[in-house]
């Protein structure tokens with residue numbers, strides 16, 4: 001009986017030690033921007049450009065970028081380019097929706113919204129480009145309500161989600177160095 005208790009104690013101890021080693025290895029799942037110069041602490045997200053016919057899409061996307069920079073806490077988001085060490089510039093190049101499925105009454109049941117953006121992350125002092133991409137694409141599928149009066153609200157909510165997903169993808173790429 002005593003040997004059995006000792007074996008159980010050692011097994012629990014070994015499992016606990018292995019668990020602690022995994023937690024202490026320093027591996028992280030979120031990018032931290034360690035490859036970016038430590039002197040860059042403050043970031044300004046400039047108003048985005050909009051080359052589409054979709055009103056306010058640039059504002060939704062800029063707000064999503066600001067929120068993601070704040071969330072990762074690697075940088076402090078500032079209110080003007082004068083205060084910043086680096087700036088983020090963006091332009092919405094394209095936005096469109098397409099029908100994915102129809103109801104028996106031939107009304108659209110499900111749509112896909114698609115966005116294409118261009119982003120530039122640039123150090124202010126030297127003008128050095130930290131990260132850029134001219135063709136970032138993201139899309140979202142969403143179901144339309146039976147009540148067509150809710151169509152504008154449904155599309156706006158999908159656009160907000162699409163902006164959030166796009167900003168998350170881009171900020172992750174920036175901070176990971178890809």
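What is the extension gain from residue 42 to residue 94, computed as 0.36 nm multiplied by their sequence separation minus the C-alpha to C-alpha distance, in nm to one decimal?
Stretched out fully, the residue 42 to residue 94 stretch lengthens by 15.8 nm.
Mind pulling up the Rg/Rh value for the stretch 108-160? Radius of gyration and Kirkwood radius, both on Cα.
A ratio of 1.27.
Could you work out how much longer the chain between residue 52 and residue 156 gets when fully extended? Use 0.36 nm per residue separation minus the Cα distance between them, nm to one decimal.
35.9 nm
At 20 °C and 1.002 mPa s, grab the translational diffusion coefficient of the stretch 73-178 from Stokes-Einstein with a Kirkwood Rh over Cα pairs, rounded to a whole number in µm² per second.
134
Label points 7 Å out from Cα along the Cβ direction at residue 71 and residue 169: separation in nm?
According to this spin-label approximation, the distance is 1.4 nm.
How far apart, in nanometres, would the label points at residue 101 and residue 141 be if each is projected 7 angstrom from Cα along the Cα-to-Cβ direction?
Reported label-point gap for residue 101 and residue 141 is 0.8 nm.
Every read-out reported here was derived from the displayed coordinates using simple, explicitly stated rules and does not represent laboratory data. What you see is a predicted model, and the numbers here were worked out from it, not measured in a lab. Neighbour counts run over all protein chains shown; Cβ positions are idealised from the backbone, glycine included.
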